[in-house]
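Take a look at the structure set out below.
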Amino acid sequence: MADDPLVLGDLSLASRLIMGTGGAPSLDVLERALTASGTELTTVAMRRVDPSAHGSVLSVLQRLGIRVLPNTAGCFTAGEAVLTARLAREALGTDLVKLEVVADERTLLPDPVELLDAAETLVDDGFTVLPYTNDDPVLARRLQDVGCAAVMPLGSPIGSGLGIRNPHNFQLIVEHARVPVILDAGAGTASDVALAMELGCAGVMLASAVTRAQEPVVMAEAMRHAVEAGRLARLAGRIPKRHFAHPSSPTHGTAHLDPERPAF
Amino acid sequence: MPSSRTSDVLVIGGGIIGLVTAWRAAQRGLTTVVVDPEPGGGAAQVAAGMLAAVTELHYGEQTLLGLNLASAARYPDFAAELTELTGHGLGYRRCGTLAVALDADDRAHLRELHALQRDSGLASEWLSGRECRRLEPMLAPGVRGGLRVDGDHQIDPRRLAAALLAACESAGVVFHREWAERLTVTGDRAVGCVARDGTALSAGRVVLAAGSLSGRLAGVPDDVLPPVRPVKGQVLRLTVPRRYAPFLSRTVRAVVRGSHVYLVPRVDGELVVGATSEELGWDTTVTAGGVYELLRDAHELVPGITELPLTETRAGLRPGSPDNAPLLGPTALEGLLLATGHFRNGVLLTPVTGDAMAQVLTTGELPDVARPFTPRRFRAAALSEQPA
């Protein structure tokens, strides 16, 4: 069961780690980090890349055989996001879109009203919509209801590295989800990623935690292991938390060390 | 019938890198031709001209740091030599750089940079916000701290280009003012190029120094084609009226909520504000968003800029390489050398590039400082790019 693929619309992925490219110090480091991460799907901001340009980040993804997930980063209205998604579909020939509609530059938090509007329009238009959303269980449900192929709640603001600030909301979202739940934004280090998977996320999306690390390639490998470890732990079922100790060694049939009595 | 021309060295591209290569080669007695429709143009017409080896330090770029420092150290003599020879000033200012932070997040980022600088043995001093503002009173009151780097200087790249052009002319470099259309390869050896006007330019060695266009020259075999891509940068120029002078007395830069902005004040009152970094192919349009972001961040850093005339908006293309470092020296194709891929550091690396290229053209060997930047480091990657 640990080998189940992550299914997003028609897409089936063995790796549950989705990468972003923003903040990479160089294309060379990015290429090695993506390879180390084992990712099969990587998101690219369509407003910052020209798909027809050679030698850019898209060429790197092509060379590595990684599927491109266009995103609508930098859009503040549903109208801009829909337009950007359509241009991306035309340029890249993919129905996949990571939908981002943010409210302001300071927090980069999603604007829930615009997001839902854009999601509805794009689903109607035949897109496989993966929305970057708040960690709001109600909004997550509404996004599913309009036909999104996954929901991607933030653990904390983009690039903050603050991890999952409200694990309880993640549990609520996962419990009610009929589509994959993917942590998007906030992961700072491997334990954040493992926690997301332990909480029942189907995958993790991250960029800054790797690209802005001192050693991006090493951190990418750490993230790959963290996704796998967290997923296995979720499937294995963790032990209940207890207030007092519970000895891990058996208390019966052990060697007698009482010097007053012989051991046989 | 198309004309032809023969020389020891043919330099394709007359930007500052091509010009410095041609000048240094001619100084060593090599007959040199530069092919470029507009010599002295290119990215140098847009660049701000920061010589920022220390403040532009990044993790994983310590090898490049060595080359950057070597070139920065050459600048005083290089500028003096060019000025003496041509009468052109370069606007070389040893005024230093102040990198500041405006909030706690950016301050933490700057602290990390400071630690990396110290670990790399570089001179850089941490200042409190108040100390920063004593140095530069026009800075916003909210400045939380900064790094004073007196060793990061500036020049005016437009003057540099003009001076190099004059130096080339006085050294006898011949200019063929046309586009290079195709590299000429005869029997596994590069022997020249054909210009758009049909002229055949032949030479003992060909140096491809065409900046962001270096990856596009026809006739270059795939396995030696430099992996160079254009990275667009939008740059603004403001003017400081005399009544406000000096306004800023050194280069001021910051990371404002993750995006880089710098203000470079020239002696003549020009104030350069840059720069965006965009992977948009060959597009060089100036966009509302680009200008807005630069002015927004610059205004947050130095609120008084709103009073200054905005005199120019322009976009140029940095020649980006996969590891952000230049490609210098011989390629696997006999007779073809590269001097390209200087990315953010073309102006800074001009002196050391000229010296390294002159040495490799005369002796066949790169100097030690340039050896890690051989184009051959990408050859394995280029070969594995072939579709399976």
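FYI, it's all coordinate maths here, none of it is from the lab. Since the model is a prediction, treat every value here as computed from it, not as a measurement. When we count neighbours, we look across all protein chains shown, and the Cβ atoms used for this are built from the backbone with ideal geometry, even at glycine.
Odds and ends about this structure:
- Here the extension length gained between A:Thr77 and A:Arg242 equals 54.6 nm, from 0.36 nm per residue of separation less the Cα-Cα distance.
- Rg(Cα) / (2.2 N^0.38 Å) computed for the range A:54-138, rounded to two decimals: 1.13
- Inter-label distance for B:His260 and B:Gln45, nm, one decimal - labels placed 7 Å from Cα along Cα-to-Cβ: 2.4 nm
- For the range B:193-226 versus the range B:253-308, the spacing of their alpha-carbon centroids is 34 Å.
- Gain in span if fully extended, B:Glu125 to B:Ser4, counting 0.36 nm per residue against the direct Cα distance: 37.9 nm
- Between the range B:96-171 and the range B:19-56, the Cα center-to-center distance that results, in Å: 24 Å
- Peptide B:322-329 has a mean shielding of 3, counted as Cβ atoms of other protein chains within 10 Å of each residue's Cβ.
- Convex hull volume per residue in cubic angstrom - Cα atoms of the range A:140-257: 160 Å³
- Distance (nanometres) between label positions extended 7 Å along Cα→Cβ at B:Thr313 and B:Thr186: 5.1 nm
- Placing a label point 7 Å from the Cα of A:Ala91 along the Cα-to-Cβ direction, the residues of the range A:1-22 whose backbone N falls under 20 Å from that point are A:19-22.
- Here the peptides A:147-159, B:137-149 are ranked by packing, the mean other Cβ count within 10 Å, and the order with the highest first is A:147-159, B:137-149.
- Normalised by 2.2 N^0.38 Å, where N is the number of residues, the alpha-carbon radius of gyration of the protein assembly as shown equals 1.09.
- Rounded FRET efficiency, nearest 0.05, which uses the C-beta distance separating B:Glu38 from A:Val113 and R0 of 45 Å: 0.30
- Shielding by other protein chains, B:271-282, mean Cβ within 10 Å: 3
- The range A:5-70 versus the range B:339-373: alpha-carbon centroid distance in Å: 33 Å
- Computed from the Cβ-Cβ distance with R0 of 25 Å, the FRET efficiency linking A:Leu235 to A:Arg178 stands at 0.85.
- Computed from backbone phi, the HN-Hα couplings of the range B:165-173 come to 4, 5, 5, 4, 4, 6, 8, x, 5 Hz, rounded to whole numbers (Karplus: 6.51 cos²θ - 1.76 cosθ + 1.60, θ = phi - 60°; Gly and Pro given as x).
- Convex hull volume of the range B:1-140 per residue (C-alpha atoms, cubic angstrom): 179 Å³
- Ordering B:324-331, A:59-66 by mean Cβ neighbour count within 10 Å, with the highest value first, yields B:324-331, A:59-66.
- Compactness of the range A:17-233, expressed as Rg and Dmax over alpha-carbon positions, Å: 15.9, 44
- The protein assembly as shown: antiparallel DSSP beta bridges as a percent of all, rounded to 5: 55 percent
- Partner chain coverage, peptide A:24-33 - average Cβ within 10 angstrom: 5
- Counting every alpha-carbon pair across the range A:1-97, the share separated by more than 19 Å comes to 43%.
- FRET efficiency for the pair B:Gln62 and A:Leu64, taken as 1/(1 + (r/R0)^6) with r the Cβ-Cβ distance and R0 = 25 Å, rounds to 0.45.
- Mean projection area, nm², convex hull over Cα of the range A:187-237: 2.9 nm²
- Sorted ascending by nearby beta carbons within 10 Å, beginning with the fewest, B:Glu169, B:Glu38, A:Glu221 become B:Glu38, B:Glu169, A:Glu221.
- Using distinct alpha-carbon pairs, which all enter the 1/r mean, Kirkwood radius of chain B in Å: 21.4 Å
- From helices alone, chain B scores -9000 deg cm²/dmol at 222 nm; the rule is -39500 (n - 2.57) for each run of n ≥ 4 DSSP H residues, then divide by the residue total.
- Sorting the segments A:210-217, B:205-212, B:4-11 by their residues' average number of neighbouring beta-carbon atoms within 10 angstrom, most packed first, yields B:205-212, B:4-11, A:210-217.
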